[in-house]
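The values are calculated or read from the model by the stated rules, or taken from the named source; none is laboratory data. The shown structure was predicted, so the numbers you read here are calculated from the model rather than taken from an experiment. Backbone-built Cβ (ideal geometry, glycine too); neighbour counts: all protein chains shown.
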Amino acid sequence: MENILELQQVSKTYPKSNFTLDKLSFSLPYGSILGFVGENGAGKTTTIGCILNTVCKDGGTIKLFGKEMRDADTDIREKIGVVYDGDNFPGYYTPRQLSRVMEGLYARWDDALFQRYLEKFDLPAKQKIKYFSRGMTMKLATAAALSHHPQLLILDEATSGLDPVMRDEMLDVFLEFVQEEDHSILLSSHITSDLEKVADYITFIHHGRLIMTVSKDDLIYHYAVMRCRESQFAALNPADIIAFRKRDYQIDVLVADGKEAARNYKDVVIDHVSVDEIMLLLVKGEQV
């Protein structure tokens, strides 16, 4: 098997909110980190719910480890570690008490590993979780997710609320995790600089629809933005334009190959830009 996770034509509609997850398809290879990017309300959390079978999809297929997961498939759930964006555990527990609870839930729960993560993340084992800061609760959730030896981590804004030093340490933990060839991570994050550091692939969604899935190296080294005047924009080949956005005195145009664009349009300024700017162009820009 090449992919640890596969989504094909996954759909989910919420009639009251008029939101639709529209035939979403992407895959996550073994040994990789996939950054999952989109604005608030784009459908990231709904997608994660469909993957984990906590949200009932309306159509499509989702395969984990090569098979569709049913409610009774505890063997598959054992292989997945999850960190949600929010409260992951009851506040009246201490981490020490939480470990005893988790030991009853997971056959491969490793208390010694959990204690090492508590020490690594500087978390007090005897303090109630309700007194933890947001950053501390996210570190605790990550420690718990890693301590039953999963193969797939699903992380919903797992680095939010952490200071830059701790975020960097957490990213190192994620990179260490995927050194095992049968391990992978789906990392939903608004912090695109984190994705630039660790992601192998990035999937962009907007209003419940897939915009693109592309390798991070392609985004950083090949994708570029052309800064065009109106006359220059009018002369572009529409096939070269992924998205564009009009400014006061220029039009920013996202292209897949900056070097080729430089050869074809010699008078246009071309910049290699961050994932952040690429996301803004994809989300707020227009297509031809």
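All told, Val275 meets the bar of being closer than 30 Å to Ser17 by Cα and either modelled with pLDDT under 90 or surrounded by 13 or more Cβ atoms within 10 Å (Cβ to Cβ) (or both). The sole residue among Ala224, Ala256, Ala262 that is surrounded by 15 or more Cβ atoms within 10 Å (Cβ to Cβ), under 22 Å from Phe26 (Cα atoms) and not acidic (Asp, Glu) is Ala256. If only residues of region 101-115 that are of a type in the set (A, V, I, L, M) and assigned to a helix (DSSP H, G or I) are counted, the one that is nearest to Asp168 (Cα to Cα) is Leu113. Of all the listed residues (Pro150, Pro95), the sole one being farther than 30 Å from Asp276 by Cβ and of a type outside the set (Asp, Glu) is Pro95.
Give the residue, chosen from Phe121, Phe204, that is assigned by TED's automatic domain parsing to the domain that holds Cys50 and touching an Asp or Glu at 6+ places or on another chain (Cβ under 9 Å). Every option except Phe121 fails the conditions. Can you confirm whether Asp218 is touching a strand residue (DSSP E or B) at 6+ places or on another chain (Cβ under 7 Å) and of a type in the set (D, E, K, R)? Spelling it out, it is not the case that Asp218 is touching a strand residue (DSSP E or B) at 6+ places or on another chain (Cβ under 7 Å) and of a type in the set (D, E, K, R). The set of residues from region 193-219 being over 20 Å from Val82 (Cα atoms) and of a type in the set (Val, Ile, Thr) comprises Ile205, Ile211, Thr213, Val214. Residues in region 149-162 that are out of contact with any Gly (no Cβ under 7 Å at 6 or more places or on another chain), modelled with pLDDT under 95 and surrounded by fewer than 18 Cβ atoms within 10 Å (Cβ to Cβ): Ser160 alone. For region 126-138, a residue qualifies if it is surrounded by 14 or more Cβ atoms within 10 Å (Cβ to Cβ) and touching a Ser or Thr at 6+ places or on another chain (Cβ under 8 Å), and the qualifying residues are Lys128, Ile129, Met138.
Exactly one residue out of Ile62, Ile76 is assigned by TED's automatic domain parsing to the domain that holds Ala143 and touching a residue at least 40 places away in the same chain (Cβ under 8 Å), and it is Ile62. When we screen Ser193, Ser188, Ser133 for residues that are out of contact with any Lys or Arg (no Cβ under 8 Å at 6 or more places or on another chain) and under 30 Å from Val101 (Cα atoms), the only hit is Ser133. Candidates in region 67-95 are the residues that are part of a helix (DSSP H, G or I) and touching a Leu at 6+ places or on another chain (Cβ under 8 Å); of these, the one that is surrounded by the fewest Cβ atoms within 10 Å (Cβ to Cβ) is Ile76. A count restricted to region 108-143 and to residues that are small (Gly, Ala, Ser) and in contact with a helix residue (DSSP H, G or I) (Cβ under 6 Å, 6 or more places away or on another chain) stands at 2. Residues considered: Ser215, Ser231. Of these, the only one that is modelled with pLDDT under 95, over 23 Å from the mean Cα position of the chain (by Cα) and small (Gly, Ala, Ser) is Ser231. If you filter region 15-49 down to residues that are assigned to a strand (DSSP E or B), among the β-branched types (Val, Ile, Thr) and under 21 Å from Glu157 (Cα atoms), you find that the one that is farthest from the chain's Cα centre (by Cα) is Ile33.
From the list Leu118, Leu98, Leu123, the lone residue that is surrounded by 16 or more Cβ atoms within 10 Å (Cβ to Cβ), assigned to a loop (DSSP other than H, G, I, E, B) and out of contact with any strand residue (DSSP E or B) (no Cβ under 8 Å at 6 or more places or on another chain) is Leu123.
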